[in-house]
1. Just to verify a number: FRET efficiency for residue 355 and residue 170, C-beta to C-beta distance, R0 = 45 Å, to 0.05?
2. How much FRET efficiency would the formula 1/(1 + (r/R0)^6) give for residue 20 and residue 296, where r is the Cβ-Cβ distance and R0 is 35 Å, rounded to 0.05?
3. So what are the radius of gyration and Dmax for the Cα set of the chain, in Å?
4. What's the ranking of 240-247, 295-302, 47-54 by average number of surrounding C-beta atoms within 10 Å, highest first?
5. Taking the 0 to 90 degree range and rounding to the nearest ten, how far is the long axis of helix 125-135 tilted relative to the main principal axis of the chain, both from C-alpha atoms?
6. Once the piece of chain linking residue 337 and residue 112 is laid out straight, how much longer is it, given 0.36 nm per residue of separation minus the C-alpha distance between them?
7. With n ≥ 4 as the cut-off for DSSP H runs, can you work out [θ] at 222 nm for the chain, using -39500 (n - 2.57) per run divided by the number of residues, rounded to the nearest 500?
8. Helix 203-213 versus the longest principal axis of the chain: what angle, 0 to 90°, nearest 10, using Cα atoms?
């Protein structure tokens, strides 16, 4: 259920007492880790954790892809995710026969984009890491996807993301708000990235946000925006460019489609949206609904548009999709104020120095 829908906001307010109980539970849990009553395990290789303290889309997948893209030429990196909403359990390493139902949509997306990179899933990451290293003993660094609040593993470098439109400093705890961890937990991070910023964010506005976040002395704050790539057909990967005479049916099963909707506001003549829950597993009935909605669009030029994450859950209907103009829009994370080189240098230095000291 999406509690960000305006009509559901009163429900979130009513659930405020529940959020107090939730806050108390996570506070006690963190206190037990801080007091060493619950133990965090460390591994003798560089582990980079990408996460957030809020539920919903803050851009973790684009960040993981950014790290893979900029590290894989110099280091043998692997990714480890939980594999949310997959139909299997336990540890699994992606191979040529793997599909999204087996490992989850985001890991499948990583695997398709970077087939030479080890992509693994496992609910219990503390168990999955040794299994991954057994399967890929040449691994030089592991990227933990969405694991900041899972303190069973102590990562060597923690990257925490917060959405520009919903900074954790202005948020509250589930279910009244979106926070799933204490705000003070961000103090454990080494790097804070404010994601989904406007591309024209001013340095003055960025500095105001930096002051609001009140980073620790050891922390660096970066600002990033979403960069959209060229549309490609889900099956044959032919490219397509949206013009202002095209009507779009936007099909999404992601937590936060707002940036994509803004893009369509700017580029398309008009668009309709068919939204599903985050990580929705599409059925043949869903595909029929998509086709029906598309056929109802009264336009000479029209397409269906979806995200890369959704596409890995739709491509299984390859026969049915042959007759549909279903296009995928890729996204990348782009750093503002010329800070990309500084960010990538920090990550590479961490890996090199860890391996030297090990």
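1. After rounding to 0.05, the efficiency reads 0.70.
2. Here the calculated transfer efficiency is 0.15.
3. 20.8, 65
4. Those peptides, ordered most packed to least, come out 47-54, 240-247, 295-302.
5. Approximately 80 degrees, to the nearest ten.
6. Gain on stretching residue 337 to residue 112: 77.9 nm.
7. After summing the helix terms and dividing by residue count, I get -10500 deg cm²/dmol.
8. 50
Values in this text are rule-based calculations from the coordinates and carry no lab data. Source: prediction; values computed, not measured. Methodologically, a virtual Cβ is constructed for each residue, glycine included, from the backbone with ideal geometry; neighbour enumeration extends over all protein chains shown.
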